[in-house]
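**Q** Mind having a look at this structure? Questions to follow.
The values are calculated or read from the model by the stated rules, or taken from the named source; none is laboratory data. Quick caveat: nothing in here was measured; it's all calculated off a predicted structure. Every residue, glycine among them, receives a Cβ derived from its backbone with ideal geometry; neighbour counts consider all protein chains shown.
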Amino acid sequence: MQRWLASIALIVCACAHHDFTPHELNTYLSGGGSRKNFHGHSIFRSIHFEAVGDSAFANRWLRHTNAGIAVSYSDIHQARSWFGYRYGDPDDWVRAVSTFFFLRRHWRDGSDIQPYAEIGTGPMWSNRRVPAATSRFNMSSQAGFGAVLFAHGHVPLHIGYRFSHISNGGLTGRNPGLEVHQLMFGFRVRRLR
């Protein structure tokens, strides 16, 4: 799975370098978290800024597919220690910034309600280790689906669900990873063409 996502990231990077033509800027707010386990429970609140565009290279492989890049800032509420809540340790607030290279496929282009699916990956850096006692540098591989409402209006609304797997890829001795489920809400900020 990670090799497949890395391949997608390389395709998106190649598209961005050679034939990426941005056509809209979007922003999203999201909230969600991971399930509680031995290491505790993490809650994410994020804001995402993305540029979405056309790529002839990506469309050769998947028709009606856009490429894009997003930058996200997240406030993460998580257990302070590796042992979660077993010993009564307090929670910790962590700040993280991530970049997400993605492919997004839309359906029903002529409709005012356009379903979509997306997949991508990118690096994430945080001011403390995520989860605790692991690594400040992680990769965030993501997949999601949703819909664009009022797609042909002045301010199309985006709603969706995104699953993220956050892992350091074995860069440190501990690599439990996080599976984060988030609800997304956003809108188009600006059309570029």
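**Q** Quick one: in the range 108-134, which of the residues that are over 22 Å from V148 (Cβ atoms) and of a type in the set (S, T, Y) is farthest from the chain's Cα centre (by Cα)?
**A** Per the stated criteria, the residue is T134.
**Q** Quick one: which of F137, F187 is of a type in the set (F, W, Y) and within 24 Å of K36 (Cα to Cα)?
**A** F137
**Q** Out of all the residues in the range 152-165, is one or more touching a Ser or Thr at 6+ places or on another chain (Cβ under 8 Å) and among the hydrophobic types (A, V, I, L, M, F, W, C)?
**A** Checked the range 152-165: no residue is touching a Ser or Thr at 6+ places or on another chain (Cβ under 8 Å) and among the hydrophobic types (A, V, I, L, M, F, W, C).
**Q** Let me ask another. Being crowded, with 18+ Cβ neighbours inside 10 Å and either at pLDDT below 90 or hydrophobic (A, V, I, L, M, F, W, C) (or both) is the filter here, so list the residues in the range 151-176 that pass it.
**A** A151, I166, S167, N168
**Q** Condition first: among the hydroxyl-bearing types (S, T, Y) and not in a strand (DSSP E or B). Now tell me which residues in the range 96-124 satisfy that.
**A** The answer is S111, and nothing else.
**Q** Something else: What residue, of A67, A143, A133, is more than 30 Å from R191 (Cα to Cα) and among the aliphatic types (A, V, I, L, M)?
**A** Criteria check complete, one pass: A133.
**Q** Just one of the numbered conditions (1) in a strand (DSSP E or B); (2) at pLDDT below 95; (3) more than 25 Å from R63 (Cα to Cα); (4) among the aliphatic types (A, V, I, L, M) is not true of V148; which one?
**A** So the condition that V148 fails would be (3).
**Q** Looking at the range 166-193, I want the residues that are outside any strand (DSSP E or B) and have a partner that is among the aliphatic types (A, V, I, L, M) with Cβ atoms under 9 Å, at least 6 apart or on another chain. Which pairs are those?
**A** What qualifies is N168/V130; N168/M139; G169/M139; T172/A133; R174/A133; G177/I166; L192/L25; L192/A51.
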